[in-house]
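S.K.: Could you have a look at this structure, given as structure tokens, before my questions?
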Amino acid sequence: MNANPFVYGKEVAGENFYDRREDFSRLVSTLEGGAANVVLYAPRRYGKTSLAKKALGELARRGFRCVYFDFMRVESVPKFCEAYASSVYALERGTVRAMRRIGKTLSALRPRFTVGDDGKPALELDLGVKPTVATLEETLDLPERLADPKHPVVVAFDEFQEIGTLSPSLPLEGVFRGCIQRHRLVRYLFLGSKTHMIKRMFADRSRPFYNSAAIQRLDVPSGEESAAFVEARFASVGMRIEKDAVQTVLEMSKGIPYYVQALSALSFEEAVAAPVRHPVCVGDVESAARRLLESKSDVYESVLQALSASQRTLLAALARKPVRRFDAGFRAANGIGTLSGLHSALAVLLEKGHVEATLRGYEIGDPFFARYLTESVFHVIE
Ligand SMILES: Nc1ncnc2c1ncn2[C@@H]1O[C@H](COP(=O)(O)OP(=O)(O)OP(=O)(O)O)[C@@H](O)[C@H]1O
Ligand SMILES: [Mg+2]
């Protein structure tokens with residue numbers, strides 16, 4: 001059996017995780033020190049969740065009690081209250097003390113204490129009852145109320161920028177900020193992949209979370225680290241990859257861990273399927289890239305469907321090369337009318353996370369989306 005030594009599309013740990021030693025120690029030491037909460041942000045697929053979970057594992061070994069909560073799992077305030085209180089209840093191992101406290105806090109929502117599918121203590125609420133701001137505040141205060149000073153709690157909120165989508169009417173950012181800043185026994189790690197949104201949340205003076213956390217940006221790992229990882233993983237199954245093939249993986253993936261792993265996994269399949277056994281070569285990586293692009297094209301097509309014509313035009317222009325300044329020459333060359341139209345198209349693309357502001361200028365974050373835009377004809381019908 002030829003087990004593929006690469007993993008993509010799910011969180012990675014153990015031998016599938018490459019070091020990120022500096023990012024890891026900085027994250028662990030800031031949270032352990034407790035002087036500040038932390039925001040860890042990076043575009044999609046850079047490895048935030050994997051890194052955060054590894055850091056939580058380490059902090060748990062050092063005596064912290066850790067909760068991981070993903071905002072992508074919940075779509076409303078009642079669902080949030082149910083899922084979050086459940087996570088805290090599981091952290092408390094379903095003790096009677098936790099049951100009493102949660103029962104009292106959420107009595108209006110008629111809690112029922114159960115065991116989840118994973119065998120952990122869980123709870124269900126009557127989601128027909130609308131929670132008030134006070135209920136939400138009390139839910140957020142649960143870890144602080146239950147924490148034991150000898151074992152402070154670390155809460156990681158993944159995709160935190162999504163709190164804005166939970167309720168059209170409640171001022172959630174303000175409510176969250178108000179509670180969190182009172183907590184003495186709980187440290188928070190906020191993760192975000194829509195970099196523009198998360199940066200604004202924490203760096204814009206007019207927003208509740210302004211200046212409330214230490215900001216840590218996660219970059220792609222260094223080329224050497226990624227190359228060593230790819231070579232070592234192939235070697236672990238007795239295969240060799242040629243140097244220029246490794247370079248092709250790094251160039252096509254732009255070093256983004258998900259794409260490094262996905263391209264390597266598919267290159268492995270190409271090499272194994274070949275009639276003659278050979279070291280993994282550039283040709284294998286190129287075939288892998290074509291397959292990867294093909295597998296993503298439906299998703300990219302629906303992303304494009306959801307955009308306006310001017311947003312698509314701007315995206316196509318940025319796919320060709322990053323742009324620092326949108327002067328009249330750029331607009332004329334790309335058939336983009338007014339400057340204000342361009343800025344509103346750009347704002348949407350940044351907000352949705354399709355475009356990133358980097359040192360090179362504005363560019364498309366996903367290298368395969370950029371490739372799709374430059375290589376394919378758009379099929380979108382107006
Ligand atoms: N340290 C790492 N070592 C090796 N591969 C990694 C590492 N971190 C991430 N990856 C690769 O990237 C993929 C995505 O990782 P992860 O889900 O942690 O990223 P993310 O930034 O949270 O992504 P998203 O923005 O989609 O939430 C993993 O499936 C794996 O293939
Ligand atoms: Mg993630």
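S.K.: Could you list, in sequence order, all residues of region 83-119 that are over 19 Å from ALA147 (Cα atoms) and not hydroxyl-bearing (Ser, Thr, Tyr)?
M.R.: Of everything in region 83-119, those that are over 19 Å from ALA147 (Cα atoms) and not hydroxyl-bearing (Ser, Thr, Tyr) turn out to be ALA108, LEU109, ARG110, PRO111, ARG112, PHE113, VAL115, GLY116, ASP117, ASP118, GLY119.
S.K.: Quickly run through region 273-301 and pick out the residues that are free of Cβ contacts under 8 Å to residues at least 40 places away in the same chain and of a type in the set (Asp, Glu).
M.R.: Hits for region 273-301 are ASP284, GLU286, GLU294, ASP298.
S.K.: Tally the residues that are within 23 Å of the chain's Cα centre (by Cα) and surrounded by fewer than 18 Cβ atoms within 10 Å (Cβ to Cβ), restricting the search to region 304-321.
M.R.: 1
S.K.: Looking at LEU342, LEU349, LEU359, which one is under 29 Å from ARG217 (Cβ atoms) and at pLDDT 95 or above?
M.R.: Testing whether each residue is under 29 Å from ARG217 (Cβ atoms) and at pLDDT 95 or above leaves just LEU349.
S.K.: What single numbered condition from (1) surrounded by fewer than 20 Cβ atoms within 10 Å (Cβ to Cβ); (2) away from ligand 1 (no atom under 14 Å from the Cβ) fails to hold for GLU231?
M.R.: GLU231 satisfies every listed condition except (2).
S.K.: Now, a different point. Can you tell me how many residues within region 216-237 are of a type outside the set (D, E, K, R) and outside any helix (DSSP H, G or I)?
M.R.: 6
S.K.: When SER87 is evaluated against the numbered criteria (1) touching a strand residue (DSSP E or B) at 6+ places or on another chain (Cβ under 8 Å); (2) within 12 Å of ligand 1 (Cβ to nearest atom); (3) among the polar types (S, T, N, Q), which criterion, by number, is the only one it fails?
M.R.: Going through (1) touching a strand residue (DSSP E or B) at 6+ places or on another chain (Cβ under 8 Å); (2) within 12 Å of ligand 1 (Cβ to nearest atom); (3) among the polar types (S, T, N, Q) one by one, SER87 breaks only (2).
S.K.: Moving on to the next point. Suppose the filter is farther than 26 Å from PRO152 by Cα and assigned by TED's automatic domain parsing to the domain that holds GLY63; does ARG26 pass it?
M.R.: Values: farther than 26 Å from PRO152 by Cα: no; assigned by TED's automatic domain parsing to the domain that holds GLY63: yes.
It is false that ARG26 is farther than 26 Å from PRO152 by Cα and assigned by TED's automatic domain parsing to the domain that holds GLY63.
S.K.: Of everything in region 238-272 that's touching a residue at least 40 places away in the same chain (Cβ under 8 Å), more than 30 Å from the chain's Cα centre (by Cα) and in a loop (DSSP other than H, G, I, E, B), which residue is nearest to PRO5 (Cα to Cα)?
M.R.: The extreme case among them is MET239.
S.K.: Only one of (1) closer than 28 Å to LYS194 by Cβ; (2) touching a strand residue (DSSP E or B) at 6+ places or on another chain (Cβ under 7 Å); (3) not aromatic (Phe, Trp, Tyr) is not met by ARG65, so which one is it?
M.R.: Here ARG65 meets the rest and fails (1).
S.K.: Any chance you could count how many residues in region 252-308 are among the aromatic types (Phe, Trp, Tyr) and within 16 Å of ligand 2 (Cβ to nearest atom)?
M.R.: Count: 2.
S.K.: Just to be sure I understand the filter: pairs with C-beta atoms under 8 Å, separated by 6 or more residues or on different chains, first member in region 1-30 and farther than 19 Å from ILE241 by Cα and within 16 Å of ligand 2 (Cβ to nearest atom), second member assigned to a helix (DSSP H, G or I) and of a type in the set (Val, Ile, Thr). Which pairs pass?
M.R.: From region 1-30, the pairs are GLU11/THR49.
S.K.: Next up: Conditions: (1) free of Cβ contacts under 8 Å to residues at least 60 places away in the same chain; (2) aliphatic (A, V, I, L, M); (3) within 16 Å of ligand 2 (Cβ to nearest atom). LEU51 meets all but one. Number of the miss?
M.R.: The failed condition is (1).
S.K.: Cβ-Cβ under 8 Å, sequence separation 6+ or interchain: first residue in region 187-204 and within 16 Å of LEU56 (Cα to Cα) and within 11 Å of ligand 1 (Cβ to nearest atom), partner in a helix (DSSP H, G or I) and β-branched (Val, Ile, Thr). Which pairs?
M.R.: From region 187-204, the pairs are LEU191/THR49.
S.K.: Which of (1) closer than 22 Å to MET72 by Cα; (2) modelled with pLDDT under 95; (3) more than 16 Å from ligand 2 (Cβ to nearest atom) is the odd one out, the single condition THR195 does not satisfy?
M.R.: (3)
S.K.: Still on this structure: Search region 32-48 for residues being near ligand 1 (Cβ under 8 Å from one of its atoms) and more than 19 Å from PHE202 (Cβ to Cβ), and hand back the single one that is surrounded by the fewest Cβ atoms within 10 Å (Cβ to Cβ). I'd like the intermediate steps shown before the answer.
M.R.: Restricting attention to region 32-48, the residues satisfying the condition of being near ligand 1 (Cβ under 8 Å from one of its atoms) are 42-48.
Still in the list and also more than 19 Å from PHE202 (Cβ to Cβ): 45, 47.
Values: ARG45: 20, GLY47: 23.
The qualifying residue surrounded by the fewest Cβ atoms within 10 Å (Cβ to Cβ) is ARG45.
S.K.: Return yes when LEU59 is within 16 Å of ligand 2 (Cβ to nearest atom) and in a helix (DSSP H, G or I) and no when it is not.
M.R.: No, not satisfied.
The values are calculated or read from the model by the stated rules, or taken from the named source; none is laboratory data. For clarity, every value in this text was computed on a predicted model and none was experimentally measured. No Cβ is skipped: glycine too gets one built from the backbone with ideal geometry, and neighbour counts run over all protein chains shown.
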